[in-house]
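**Student:** Have a look at this one.
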């Protein structure tokens, strides 16, 4: 379905996000060791790797839910203005720029993180109204469109506590889409779901990939990652051990032991 | 039992005045106190260190001293000091500052601020971090996260406890009869002194307190039930099985 809400897809492959030599430490532990990653507009990148390899941390650096300690980051062609100390360590951020850029990068969480005191529609229109300054009427039209898109139009008035995990996650996806972001981040979007609910959410994400939306996923669903991704990144102990097309990575001897069960 | 004094219009007027004053003091203290409570909770959770310490000290002092002592402290101590301030009797605030109502409200607001401040702090800490993180990830400002997400969720979580705090507050109100304010207990005391009936006026106002508590409980339960996003399993009118 085409609609006036959907932005025309960009033909050129300008990067939606570029991370350059990111280093992230939690205390003494170095979680990301010099990681560089770029996601081209209109493409899907999946990050795979074992638990504790730094996948989620890398993803969360992309909208600065985690602040890297070193490195450069550019979102939607705009370099993040980090404040740095004499050693070059990042010590601060420009709050205004951060809020503005976060509106361009929407995120879907493992635990859905819907706001329980807001209805399905309320969850979807909150940020478009408060952050993008849309009127309630505009935001509602937008919200209904994206609820329809994820097959949740009939649950617009339902509160999260009344919905299954799969339904909640689909609303969370509509909430992300309603920001009409340049980049969609998915942090293990099916890991908290019952097995029989996984496919309804993967189906929605697959549809978005087919539309040519720019997405960065962290997932344990190897088969799915292989099918939908243009680029696959295999992270091992905070380093990129292999990257390239899914075929390249799945064939790479360094990660065969990790991806083998799905291949 | 002799309730014949109830037909005396003077006593009816005392009781009515006492009842209205009680409700009025309850309302002012509840609203002012809960606003202060939110400020105290925020100061402790997110304030700069000196402010967090100040909030902790405030909470400790208020919760660590008897309410009646605080009431006397403000009415006899601070009240006397205020009287000595030059020119205060001519100021527009004097009609308010000389009233026991003012000192009662001040004491109760501080009390609710301290007790409910801790309740709200606990509730704010119980709101899952992910919900607030989602707000930040979507570009909401800290203030928007606070007013749109954090506080509504925290209040939803601690509403039953706050109901209890409000009931305790209602029954702290009779303390103001000791600073010559016309509340229900003061009305009962006057009736006792004039009619020499001890138990009947007390029984009557006990009944009025009980009825007010029941109404207050039901009203706040209604607020709780109509809070958006209530868990389906908790949707029962009376909180009993």
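**Student:** With equal scatterers on the alpha carbons only and no solvent term, can you work out the Debye log10 of I(q)/I(0) for region A:223-262 at 0.18, 0.19 1/Å?
**Tutor:** -0.42, -0.46
**Student:** Using alpha-carbon pairs under 8 Å, 6+ residues apart, how would you state the relative contact order of chain B in percent?
**Tutor:** Answer for chain B is 28 percent.
**Student:** Which of A:113, A:85, A:123 moves most in a GNM of chain A, Cα contacts under 10 Å?
**Tutor:** With Cα springs under 10 Å in chain A, the top fluctuation among A:113, A:85, A:123 is at A:85.
**Student:** To continue, here is another question. Counting other beta carbons within 10 Å of each Cβ, put A:220, A:145 in order, fewest first.
**Tutor:** A:220, A:145
**Student:** What list do you get for A:159, B:199, A:146 if you sort them by fewest beta carbons within 10 Å?
**Tutor:** So the ranking, lowest neighbour count to highest, is B:199, A:159, A:146.
**Student:** OK, next. Among B:82, B:34, B:25, which one shows the biggest mean-square fluctuation in a GNM of chain B, springs joining Cα atoms closer than 10 Å?
**Tutor:** Highest fluctuation among the options: B:82.
**Student:** Take the eigenvalues of the Cα gyration tensor for region B:109-219, scale each by 5, and report the square roots as semi-axes in whole Å, largest first.
**Tutor:** Here the semi-axes work out to 43, 13, 9 Å.
**Student:** Quick one: angle between helix A:195-210 and the longest Cα principal axis of chain A, in degrees between 0 and 90, rounded to 10, please.
**Tutor:** That helix lies at roughly 80 degrees to the long axis.
**Student:** Moving on. GNM, chain B, Cα, under 10 Å: largest mean-square fluctuation among B:119, B:28, B:176?
**Tutor:** Judging by the Gaussian network model, the answer is B:28.
**Student:** A further question on this structure: When the C-alpha atoms of region A:127-263 are aligned to their principal axes, what extent does each axis show, in angstrom, from largest down?
**Tutor:** 54, 31, 26
**Student:** Just report the Cα centroid separation between region B:1-76 and region A:192-237, whole Å.
**Tutor:** Computed from Cα coordinates, the inter-centre distance equals 56 Å.
**Student:** If you don't mind, there's one more thing I want to ask. For region B:45-160, divide the Cα radius of gyration by the Kirkwood radius and give the resulting Rg/Rh value with two decimals.
**Tutor:** Here the Rg-to-Rh quotient is 1.13.
**Student:** Another one. If one puts a single equal scatterer on every Cα of chain A and applies the Debye formula without solvent, what log₁₀ I(q)/I(0) results at q = 0.12, 0.13 Å⁻¹?
**Tutor:** Result of the Debye calculation: -0.72, -0.85.
**Student:** On to the next question. To the nearest 10 degrees, how steeply does helix B:49-64 sit against the main Cα axis of chain B, on a 0 to 90 scale?
**Tutor:** It works out to around 30 degrees.
**Student:** Go ahead and run the numbers for FRET between residue B:90 and residue B:57, Cβ-Cβ distance against an R0 of 41 Å, rounding to 0.05.
**Tutor:** 0.70
**Student:** Quickly estimate the mean residue ellipticity at 222 nm for chain A, helices only: each DSSP H run with n ≥ 4 gives -39500 (n - 2.57), and the total goes over all residues, rounded to 500.
**Tutor:** After summing the helix terms and dividing by the residues of chain A, the value is -10000 deg cm²/dmol.
**Student:** Also: How high is the relative contact order of chain A, in percent, with contacts defined as C-alpha pairs under 8 Å that are six or more residues apart?
**Tutor:** Once divided by the residue count of chain A, the mean separation gives 25 percent.
**Student:** Taking chain B as the reference, fit the longest principal axis to its C-alpha atoms, fit the long axis of helix B:100-126 to the helix C-alpha atoms, and give the angle between the two in degrees, 0 to 90, nearest 10.
**Tutor:** 30 degrees
**Student:** If N is the number of residues in the protein assembly as shown, what value comes out of its Cα radius of gyration divided by 2.2 N^0.38 Å?
**Tutor:** 1.29
**Student:** Quick one: Debye curve from the C-alpha atoms of chain B, no solvent, what's log10 I(q)/I(0) at q = 0.08 Å⁻¹?
**Tutor:** Ignoring solvent entirely, the Cα scatterers give -0.41.
**Student:** Hey, another quick one. Expressed in nm to one decimal, what extension gain is obtained for the pair residue B:76 and residue B:218 from 0.36 nm per residue of sequence separation less their Cα-Cα distance?
**Tutor:** Gain in length upon complete extension: 47.4 nm.
**Student:** Please order B:205, B:88, A:173 by the number of other Cβ within 10 Å, starting at the fewest.
**Tutor:** B:88, B:205, A:173
Here, each number is a calculation from the coordinates, and none is a lab measurement. On a predicted model such as this, the values are computed, not experimentally measured, just so you know. Note that each Cβ is placed from the backbone with ideal geometry, even for glycine, and that neighbours are counted across all protein chains shown.
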